[in-house]
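Trainee: Before I ask anything, let me first share the structure, which is written out below as structure tokens.
The values are calculated or read from the model by the stated rules, or taken from the named source; none is laboratory data. Since this is a predicted model, take the numbers as computed values, not measurements. Please note: Cβ atoms are built from the backbone with ideal geometry, for glycine as well, and neighbour counts cover all protein chains shown. Just the protein is used for accessible areas: all its heavy atoms, side chains included, with ligands, DNA and RNA removed. Shrake-Rupley method; radii C 1.70, N 1.55, O 1.52, S 1.80 Å.
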Amino acid sequence: MVKTFHNKKSTRSVRSEPVSPQAKQETSRQSVKKFTHVEPTISVESAVEPEQYSERERTVNNNSVKKSPSVLFTNKIKSIQSDIVEVDKNIKANIDRICSRDYTDIELENSEYILVNNIYQTIEFDSFGAQLEFGNEESRRFQDIQGFLSDYAKIGKVDRILELGQSIIQLAKSINIDVFNPNKLGTKISRFLGSHQDKVRKIKYEFDSASDRIDARINRVFDNTSEIQRTLSEFQSLKAELKGLHRGLQLKMIALTMKIDFEVSSRNSVNEGNNSIFDGNFNEHKRRWERKIQTLFSLNQSVSLTFPQIDLYTSNLVASFERLEEIKVNIIQVWKQQFLTVIAVDESNDSILYYELSDIQDNLIRNIEGLR
């Protein structure tokens, strides 16, 4: 036999009040789980009758309270892009006092006061680990930038462009104009091995060959202008990043100075009336943080000196490319025209032809070397 248990209270309730079909439908709707996190596929306004929606809107407007805008978790903010947030007057006055005392060349914007205060609040004065890590991110990034600049100096893109001028000179010298030199023994012997017209044809062939090789070398550099543009873009990006490092280090120095002043003031007020104002641990922490300020100051100076270094690299790269354009457009074209003109005249006197060609070659060399 199976014993069954019945709730008498619920039984009586059921018997006394029979459930209607509408109640059963309402009960089934309430038992269904509501997915409030799912966005509706239709507009709420379209699903609610106009009168109900207007009444609800009036209720919400009456119950709403206007509040002034505020910033949540301000101690977690690392960058602020506007000056909308107001700075506490006491904090601003304290920062201005430190800047006028120790950092007279720094002018802060409204958002930077908040950043300084955020950095100040995150400094753990008694933590050795915090002392070691403070400013290390900026130091590592600056080392990466210096490594990039050092690698660029090793590659020597400017030197390679300038070396192209020397290559052009060597190619121009490969044209043997000495076959017309009356003072060369080979020229005297060549009189028995070929006529003047043969030597002119030989010079023309050598000139065409040298000209083609010179054009190929110059065009090879001009076809690779995308690499030069990419390098210039990298320089601009590095300058923008260095500006951020420079400003970030300044803000950290101000915040750290403010933290040291606060800790000293707090310790003085606690130990007021005692003979010993600072204990050994506090002195040690204070000295460490003061050395950290000096380290950040030196790092910031190195960052400042990197700006002219990048400007110099940029200027040299642009100037070398401009010199290359000068060689291509002016010097080489003039040299070709003069050389071909002298050969076209076809002087019968070898010595005259030699001295004219020699002057043209010397002008080419002087013009290229004069662009350095």
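Trainee: For region 320-372, what ratio Rg/Rh do Cα atoms give with a Kirkwood hydrodynamic radius? Numbers along the way, then the final one.
Mentor: On the way: Rg = 12.9 Å, Rh = 11.9 Å.
Using only Cα positions, Rg/Rh for region 320-372 is 1.08.
Trainee: At 10 °C and a viscosity of 1.306 mPa s, what translational diffusion coefficient does Stokes-Einstein give for region 285-346, taking Rh as the Kirkwood radius over Cα pairs? Give it in µm²/s as a whole number. Could the numbers behind the result be given before it?
Mentor: Values: Rh = 16.3 Å.
It comes out at roughly 97 µm²/s.
Trainee: Find the percent of Cα-Cα distances in region 84-155 that exceed 21 Å, and round it to a whole number. Mind showing how you got there, number by number?
Mentor: Numbers: 1313 of 2556 pairs.
Cα-Cα pairs of region 84-155 separated by over 21 Å account for 51 percent.
Trainee: Leaving ligands and nucleic acids out of the surface, order 334, 179 by accessible area at 1.4 Å, largest first. Each step should come with its number before you reach the end.
Mentor: Numbers: 334 70, 179 25 Å².
The most accessible residue leads, giving 334, 179.
Trainee: Which of the pairs 154/328; 239/328; 259/286 have their Cα atoms more than 21 Å apart in this structure?
Mentor: Working: 154/328 26 Å; 239/328 32 Å; 259/286 10 Å.
Listed pairs above 21 Å: 154/328; 239/328.
Trainee: Follow-up. Can you pull the Kirkwood radius for region 221-372, inverse mean 1/r over Cα pairs, to one decimal in Å? Don't jump to the answer; show the numbers that get you there.
Mentor: On the way: mean 1/r = 0.0455 Å⁻¹.
Averaging 1/r across every pair of different Cα atoms and inverting gives 22.0 Å.
Trainee: Given R₀ = 22 Å, what would the calculated FRET efficiency be for residue 110 paired with residue 287, taking r from the Cβ atoms and rounding to 0.05? Each step should come with its number before you reach the end.
Mentor: Values: r = 34 Å, r/R0 = 1.54.
Efficiency for this residue pair is about 0.05.
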